[in-house]
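Engineer: Sharing a structure, written as structure tokens. Questions coming.
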Amino acid sequence: MTTAHAEASKDTFPHEPEKATLEGRNKVLAFWLFLGGEAVLFGTLFATFLALRNQTNEGPSANELFHLPLVAAATFILLVSSLTSVFAIQAMHRNRPALLRNWLLVTVGLGLGFLVLEIYEFTQYVRHEEFGMTTSAFSSAFYTLVGFHGAHVAFGIAWISILIGQLARKGLTVVTAPKVYVSAMYWHFIDVVWVFIFTVVYLLGKVG
Amino acid sequence: MDWLTTVDHKKIAILYLWAGGLFFGIGGIEALLIRWQLIKPMNNFLDAQTFNELITMHGTTMIFLGVMPVIFALMNAVIPLQIGARDVAFPFLNALGFWTFLFGGILLNLSWVMGGAPDAGWTAYTPLSTSTYSTTHGVDFYTIGLQIAGLGTLIGGINFLATIITMRAPGMTYMRMPMFAWTTFITSAIILFAFPAITVGLVLLTFDRILGANFFEVGAGGSPVLWQHIFWIFGHPEVYILILPAFGIISEVIPTFSRKRLFGYSSMVFATILIAFLGFMVWAHHMFTTGLGPVANALFSVSTMLIAVPTGIKIFNWLFTMWGGQVRFTTPNLFAVGFIPTFTMGGVTGVMLASAPADFQFHDTYFVVAHFHYVIVGGLVLGLFAGLHYWWPKMFGRMLSEKLGKWTFWTFIIGFHLTFFVQHFLGLMGMQRRVFTYLPNQQFDFLNLVSTIGAGLMGVGMIIFLVNILLTSRKPADASNDPWEDGRTLEWTIPSPPPEYNFKQTPLIRGIDAFWKEKVAGNKGMTPAEPVGSIHMPSATILPFTMSIGIFIAGLGFMFSRDEFGNAFMSFLFNNYIVTAIGLIITFGSMLMRSLYDDHGWHIEPEELEGSERT
Ligand code: HEM
Ligand SMILES: [Cu+2]
């Protein structure tokens, strides 16, 4: 979208473009519902993990395995990416498509950074600690919970990237705005889940 | 082709109905085979392995693939009409939900011809279902097929929630919503919170079986009881997913044919919500004999019995609705009235089972089989029959034959009680569930014979129903808007079958039983809430279909990723996850297409509306 176009539509552009149409409102509502379901999904995975976290089957335990600095760095990156996605939505509300795109790009970049760290972490475990999916009940639960989250991050990255492409082609409209908004909700959600993972899996693993 | 691309909720309803009918038929044949095997002691009609596969597939098929889509069919056919909406909130997702459901179901049933059906019971208890004890691909078909089908159900649930929250016609407050809309709403909420749990359970079991994970392998620290918790946290709410819509149907049918308002409408609403809530609290009543300890057993026992209170409220409200009404025993109402005592009996045995010490005696006997069939068949299936006969003219524009309908009712309900009533006694006398034969002279012989004869009679009832459908479909589609003449809700204000856009003008709702209220006030129809204008419609699309095919291929690919094929090329394709990848590419490619090409839909202009109006 060119600046001229954006200027022209400035006064007609609604304040909350994601809720300007019934379709937009439906989308946001349904996404809240979907996140409710996702919460149950992760809740079940957490419960499974908690039930099995000490079942190491003579393989490595959490305490031997985890290096907090690496995980803390990943946590930091992901939290910042949540912040940048907030900036993106603010840019959207102020009808600044270029700024919106830039913040989304930063968010995607940070997401990729997180994913790289996670993949690095997993390969370390598999190569040097002989800690794989089949090692113990603990390892299965660990890889499934954390891996599920990682897959969500990967999906989010792909999704937001496609949206960036779409914004470039179609501009910021009442059709594209709900999609951006919903993807930001998703991104916050996986961030919140990570906070729980950091606490329940890593911190608890180190101390208990 | 039209059917592959449709996003119209009324057509999707019909698709659900045919798919459900197909799977119900398969499940029914499986039931008859099981009963044939049990007709006499030491029968060698089936061997033990086949019997295990049959009971597993019968239970799984009936619960996930048989009755669920018929429920969804009725919801799709009726809900937008009842709340005065032109469509559901997400027509595209609606189609996607159907196709994923169908392909999941097909995948599951392919197991019969691709090397062995699942054989660990519909609950797939570990360790029976782990690769140590279940060595064919059967359970893989179970985990992956149900996963795909469950995805469709979840999508459908979210869609109905959003539809009911945002698409109600002006004036339709929550407390003016028809009961079937209410129960659909609550059912969808249960789906939303229960299905993700089984999603995880199925993933874990898949990982154990295909990736060698250890969630349920005791030797490596896993826990089989974990499976039971996850399964029943989903599984118990699931039975309310099944029964609440039936409650909704009964609450529509009985007032219509009593020419009276539903007694205690608001208590019905709150009872529904309460049942849903309690439904999540009681899962461990399936695990009394697992060894959770007396405290847990006591708590779950009491919370289970609590559900009898809201359920009792419902039963009494139905009775009070009929009380003093001008009751007409049409086929739908026969089924609805037959539902009440039958379901109540199932409820009574439920309370008996909820008593933990008694359950040690009942557990895994035919008493349990009798109980849940009273609830599911005597409750839900009778409810579905009531709903199908009731809304058939609305869906297809043709009245089913009343005469054949009554024949269906009597053969089915007599057959039903013959089959399952005696099973209570078989259970009390100690006949075990899921065992492929029994020794003679334990007093099991005669009652089993009776039970099998009853099952045959139920089959006859089903056939009469099919004949009814067949004969009806050859008659002209001439049902009026309100063929039962006492319709109370909005769906009876528009033609049968409804036009694509449902309502030419969105109606204004002035009270509970909106249409009835207008009738009483002497009006012919609803007051419109908007002028006649152009109507926006979503376009048809093949993408939901291709997305589901993609998931189906990916599922198959993943399932066989560890297999040795005689053929090097096949091994290469499967063992390197190439088939899986192809499937996922089809799915994600379709998603990408969806997001890249805008679908603005199309409009029906006012002139066309006038033209298509039927008188
Ligand atoms: C229509 C006639 C039906 C007949 C004659 C019938 C008969 C049977 C029989 C004989 C069993 C095996 C019991 C055992 O050995 O453990 C069984 C199990 C079962 N049935 Fe049915 N059934 C019918 C309909 C249904 C329906 C409509 C549903 C559900 C919607 C259903 C759900 C189940 C379930 C969940 C099981 C347990 C399977 C297992 O143990 O894994 N049945 N049925
Ligand atoms: Cu239960």
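The values are calculated or read from the model by the stated rules, or taken from the named source; none is laboratory data. Here the structure is a predicted model, which is why all the values come from computation and not from measurement. Cβ placement follows ideal geometry from the backbone for every residue including glycine, while neighbour counts extend to all protein chains displayed. Quick note on the areas: whole protein, heavy atoms, side chains included, nothing else; ligands and nucleic acids left out. Shrake-Rupley method; radii C 1.70, N 1.55, O 1.52, S 1.80 Å.
Engineer: Among the numbered criteria (1) more than 21 Å from the chain's Cα centre (by Cα); (2) within 14 Å of another protein chain (Cβ to nearest Cβ); (3) surrounded by 17 or more Cβ atoms within 10 Å (Cβ to Cβ), which single criterion is violated by residue A:61?
Structural biologist: For residue A:61, the failing item is (3).
Engineer: A further question follows. Mind telling me which of the residues A:119, A:160 ends up being away from chain B (no Cβ under 11 Å), of a type outside the set (Phe, Trp, Tyr) and open to solvent by less than 10 Å² (accessible area, probe 1.4 Å)?
Structural biologist: A:160
Engineer: Which residue is nearest to the other protein chains (Cβ to nearest Cβ), if the candidates are limited to the stretch A:168-179 and must be in contact with a helix residue (DSSP H, G or I) (Cβ under 6 Å, 6 or more places away or on another chain) and not charged (D, E, K, R)?
Structural biologist: Here the answer is A:176.
Here's the yes/no breakdown for (1) outside any helix (DSSP H, G or I); (2) among the aromatic types (Phe, Trp, Tyr); (3) within 16 Å of ligand 2 (Cβ to nearest atom); (4) more than 26 Å from residue B:499 (Cα to Cα):
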| residue | (1), (2), (3), (4) |
| --- | --- |
| B:81 | no, no, no, no |
| B:88 | yes, no, no, no |
| B:92 | no, yes, no, no |
| B:114 | yes, no, no, yes |
| B:125 | yes, yes, yes, yes |
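Engineer: Go over the candidates B:561, B:548, B:480, B:473 one by one and state the one that is within 19 Å of residue B:78 (Cβ to Cβ) and of a type outside the set (Lys, Arg).
Structural biologist: B:480
Engineer: Looking at the stretch B:219-226, is at least one residue within 14 Å of ligand 2 (Cβ to nearest atom), over 30 Å from residue B:490 (Cα atoms), within 14 Å of chain A (Cβ to nearest Cβ) and part of a helix (DSSP H, G or I)?
Structural biologist: No, that holds for no residue.
Engineer: Is at least one residue of the stretch A:126-137 in a helix (DSSP H, G or I) and within 11 Å of chain B (Cβ to nearest Cβ)?
Structural biologist: yes
Engineer: Pick out the one residue from A:66, A:114 that is open to solvent by less than 10 Å² (accessible area, probe 1.4 Å), away from every other protein chain (no Cβ under 14 Å) and at pLDDT below 95.
Structural biologist: The conditions single out A:66.
Engineer: Considering each of A:30, A:73 in turn, give the residue that is in a helix (DSSP H, G or I) and either within 23 Å of residue B:227 (Cβ to Cβ) or at the interface with chain B (Cβ under 9 Å from one of its Cβ atoms) (or both).
Structural biologist: Details: A:73 fails: either within 23 Å of residue B:227 (Cβ to Cβ) or at the interface with chain B (Cβ under 9 Å from one of its Cβ atoms) (or both).
Residue meeting the stated conditions: A:30.
Engineer: Determine whether the stretch B:285-308 contains at least one residue that is modelled with pLDDT of 95 or more, more than 16 Å from ligand 2 (Cβ to nearest atom) and open to solvent by less than 30 Å² (accessible area, probe 1.4 Å).
Structural biologist: Checked against the condition, which is being modelled with pLDDT of 95 or more, more than 16 Å from ligand 2 (Cβ to nearest atom) and open to solvent by less than 30 Å² (accessible area, probe 1.4 Å), the stretch B:285-308 yields no hits at all.
Engineer: Select from the stretch A:36-55 the residues that are in a loop (DSSP other than H, G, I, E, B) and at the interface with chain B (Cβ under 7 Å from one of its Cβ atoms) and list them in ascending order. Before the answer, list the steps.
Structural biologist: Within the stretch A:36-55, the subset in a loop (DSSP other than H, G, I, E, B) is A:53-55.
Correct list: A:55 only.
Engineer: Go through the stretch A:92-111 and count every residue that is among the hydrophobic types (A, V, I, L, M, F, W, C) and buried (at least 20 other Cβ atoms within 10 Å of the Cβ).
Structural biologist: Matching residues across the stretch A:92-111 total 6.
Engineer: Looking at B:566, B:583, which one is away from chain A (no Cβ under 14 Å) and open to solvent by less than 30 Å² (accessible area, probe 1.4 Å)?
Structural biologist: Among B:566, B:583, only B:583 is away from chain A (no Cβ under 14 Å) and open to solvent by less than 30 Å² (accessible area, probe 1.4 Å).
Engineer: If I ask for residues that are within 9 Å of chain A (Cβ to nearest Cβ) and hydrophobic (A, V, I, L, M, F, W, C), which ones from the stretch B:592-606 would you list?
Structural biologist: Passing the criteria: B:592, B:596.
Engineer: Only one of B:158, B:164 is under 16 Å from the mean Cα position of the chain (by Cα), touching a residue at least 40 places away in the same chain (Cβ under 8 Å) and either part of a loop (DSSP other than H, G, I, E, B) or under 22 Å from residue A:34 (Cβ atoms) (or both); which?
Structural biologist: Working: B:164 fails: under 16 Å from the mean Cα position of the chain (by Cα).
Of B:158, B:164, the one residue that is under 16 Å from the mean Cα position of the chain (by Cα), touching a residue at least 40 places away in the same chain (Cβ under 8 Å) and either part of a loop (DSSP other than H, G, I, E, B) or under 22 Å from residue A:34 (Cβ atoms) (or both) is B:158.
Engineer: I need the full set of residues from the stretch B:273-298 which are in contact with a helix residue (DSSP H, G or I) (Cβ under 9 Å, 6 or more places away or on another chain), in a helix (DSSP H, G or I) and under 19 Å from residue B:226 (Cα atoms), in order please.
Structural biologist: B:283, B:284, B:285, B:286, B:288, B:289, B:290, B:294, B:296, B:297
Engineer: Of the conditions (1) aromatic (Phe, Trp, Tyr); (2) open to solvent by 20 Å² or more (accessible area, probe 1.4 Å); (3) over 28 Å from residue B:327 (Cβ atoms), residue B:516 fails just one. Which one is it?
Structural biologist: Unmet for residue B:516, out of (1) aromatic (Phe, Trp, Tyr); (2) open to solvent by 20 Å² or more (accessible area, probe 1.4 Å); (3) over 28 Å from residue B:327 (Cβ atoms): (3).
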